[in-house]
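The values are calculated or read from the model by the stated rules, or taken from the named source; none is laboratory data. All of these numbers come straight from a predicted model, not from anything done at the bench. Reconstructed Cβ throughout: ideal geometry from the backbone, glycine too, with neighbour counts over all protein chains shown. For the accessible areas, the whole protein counts, side chains as well, though only heavy atoms, and no ligand, DNA or RNA atoms are used. Shrake-Rupley method; radii C 1.70, N 1.55, O 1.52, S 1.80 Å.
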Amino acid sequence: MNTSTSPHKKVFRFCVENDAAIATLEGALAIIRRLGIDLCSLRTSAGEQGMEVQVRLAAAEEEPLVLCRMRLHNVVGILGIREMPAVASATMLRRVPAAGREVRRSAA
């Protein structure tokens, strides 16, 4: 559940080499922590080149997120970092049975 109220959010995906994957991931998480960025979610899975990682981050300002990506590029063992597109607006349509009309409601 994403409870962060920070206005700036980014999702990064990258692959960590199999050699010392846990130590490399700990280094990446240390960078995130030292920059004061909120870690909203972390997902890992086995990939062809190593461990696939997806992190969802949030911060009060844009600069720490940009700096985070630049620092992650310098970590030995992290292969190409991709920034995933922002999730579309969290607006969904809901049908109200009694009125028979659609109502726009923002998902929380």
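Worth pointing out:
- Residues being free of Cβ contacts under 8 Å to residues at least 24 places away in the same chain and under 13 Å from residue 81 (Cα atoms) - total across region 7-22: 0
- Members of region 44-64 found to be without any contact (Cβ under 8 Å) to a residue 12 or more places away in the chain and either assigned to a strand (DSSP E or B) or among the aliphatic types (A, V, I, L, M) (or both), listed by number: 45, 46
- Filter result for residue 24 (hydroxyl-bearing (Ser, Thr, Tyr) and open to solvent by 30 Å² or more (accessible area, probe 1.4 Å)): no
- Scanning region 40-60 for residues being open to solvent by 80 Å² or more (accessible area, probe 1.4 Å) and either among the hydrophobic types (A, V, I, L, M, F, W, C) or within 15 Å of the chain's Cα centre (by Cα) (or both) gives a total of 2.
- Check on residue 13, open to solvent by 20 Å² or more (accessible area, probe 1.4 Å) and not in a strand (DSSP E or B): no
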